[in-house]
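Structure first, then comments.
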Amino acid sequence: MKRIVSLFFVTLVFVATAQDYPAEWKKYVGGRYLSDIQQGYNDRGMTEEAYKNYLADIARGNLARQLEIKVNDFATTSRHSVNGDVSINYESQLEISTQIKLKHVKTQMTYNTYTREGFAIAYIDKSAAARAYKNDIELIIADVEKSLANARNYKNNGLKTQAKGELNEALPTLQQANDLFFALTFFDESTNYRYLLNKCSNLEQSIKKLLTELDHAIVICVQCKADKYGVAYKNLGNEVKGVLSARGCSFTTDPTKADYVIKINATARKHAHSTVGNTTTYFAYVDASISITNKKSQRIYEDVISVKGGSINYELAANDAYKKVSKQIGGAVSENIEL
């Protein structure tokens with residue numbers, strides 16, 4: 001059936017091009033172009049514009065069907081490894097052929113008002129189409145690289161959920177680039193696009209590797225209440241997360257989604273000051289109760305600590321003590337949880 005249809009197109013184009021279509025259209029026949037030319041006489045009483053559009057629609061339709069045949073033939077003969085390491089996915093060839101029709105087909109028309117003879121050509125510049133697909137792929141790669149960088153930043157800050165969200169959105173976007181490679185190779189069979197193909201392959205491997213790492217990361221919910229001389233101190237929770245994120249932990253605010261829940265209640269109190277020569281050092285203590293509960297609601301660690309800090313005033317002395325508390329909590333987590 002495909003051979004019969006192909007013969008129909010060859011015959012159709014031959015009959016049309018045998019007429020005196022504009023000489024400047026010869027460049028669109030073969031070579032770097034795919035084309036279909038239609039010729040006819042307006043014996044239907046149509047306006048000039050309507051008849052030209054009528055011929056152009058036929059040319060576009062024939063070119064579209066011609067493309068479907070070429071795309072399907074190309075897909076069945078091109079499922080191979082491009083460089084030994086990377087294969088192109090050809091599953092979306094029908095969608096690509098539709099996209100080709102919509103994006104890259106151009107038309108020209110001419111009409112002789114005296115003879116009422118009209119011509120229309122629909123054509124695709126294969127080189128221009130290839131350049132357009134390369135540009136599309138490069139834009140997609142840039143977006144995915146940005147998403148991967150964001151995910152790594154989230155991971156480094158212990159934000160596992162946000163990191164996975166970035167990566168799970170990036171994979172389908174990257175698949176769009178893989179699909180576009182089909183169209184690119186259809187129009188350009190050279191090898192000057194392989195660097196893009198390798199970029200896509202490396203990005204996909206990096207995304208999947210990071211997703212695997214995130215799946216194995218310990219998720220912790222830190223519930224923290226702290227004050228400094230009666231005023232809420234909000235930094236302790238972030239300081240604890242900073243210590244734990246450096247050890248590969250991720251965080252959530254939902255205790256039901258956490259592997260472990262760390263509860264901290266802490267308060268700072270002024271202690272004393274000491275003057276040696278012209279230097280006065282102020283001291284403060286942070287008293288903290290700490291507990292670690294696992295996913296089964298079993299308390300695996302519990303302690304009460306008092307940590308001393310010192311600096312040039314009581315404010316900074318308390319800050320110093322809180323930083324030491326966050327490190328002690330990190331140590332307690334490492335000792336009681338296999339990170």
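Taken together, the values in this text are just the output of simple stated rules run on the coordinates, not laboratory data. A quick note: this is a predicted structure, and the numbers were derived from the prediction, not measured. No Cβ is skipped: glycine too gets one built from the backbone with ideal geometry, and neighbour counts run over all protein chains shown.
List of remarks:
- Packing-based order for 193-206, 272-285, using average beta carbon neighbours within 10 Å, highest first: 193-206, 272-285
- Note on Lys308: aspartates and glutamates with a C-alpha under 20 Å away, same-chain residues under 8 apart excluded, are Asp227, Glu239, Asp287, Asp320.
- Put in order of Cβ neighbour count within 10 Å, fewest first, the listed residues His216, His104 become His216, His104.
- Label-to-label distance for Asn157 and Asp287 is 3.5 nm, based on points extended 7 Å past Cα in the beta-carbon direction.
- Over 27 Å between alpha carbons, listed pairs Lys52/Lys126; Lys146/Lys296; Lys209/Lys296: Lys146/Lys296; Lys209/Lys296
- DSSP-defined antiparallel bridges as percent of all bridges, segment 219-336, nearest 5: 75
- Rounded FRET efficiency, nearest 0.05, which uses the C-beta distance separating Gln176 from Asn313 and R0 of 51 Å: 0.35
- Whole-Hz Karplus values for segment 207-222 come out as 5, 5, 5, 5, 4, 5, 4, 5, 5, 9, 6, 6, 9, 10, 9, 9 Hz, taken residue by residue from phi with 6.51 cos²θ - 1.76 cosθ + 1.60 and θ = phi - 60°; glycine and proline positions read x.
- The phi-based Karplus calculation (6.51 cos²θ - 1.76 cosθ + 1.60; θ = phi - 60°) puts the 3J(HN,Hα) values of segment 25-37 at 7, 4, 5, 8, 9, x, x, 7, 10, 10, 8, 9, 10 Hz, whole numbers, x for Gly and Pro.
- Each peptide among 259-265, 29-35, 315-321 gets the average number of other Cβ atoms lying within 10 Å of its residues, and from highest to lowest they stand as 315-321, 259-265, 29-35.
- The HN-Hα couplings worked out from phi for segment 241-251 by the Karplus form 6.51 cos²θ - 1.76 cosθ + 1.60 (θ = phi - 60°) are 4, x, 5, 6, 5, 5, 9, x, 7, 10, 9 Hz, whole numbers, x standing for Gly and Pro.
- Order of Asp303, Asp36 - criterion: other Cβ atoms within 10 Å of each residue's Cβ, fewest first: Asp303, Asp36
- Take the Cβ atoms of Lys234 and Leu139, set R0 to 45 Å, and the FRET efficiency comes out at 0.65.
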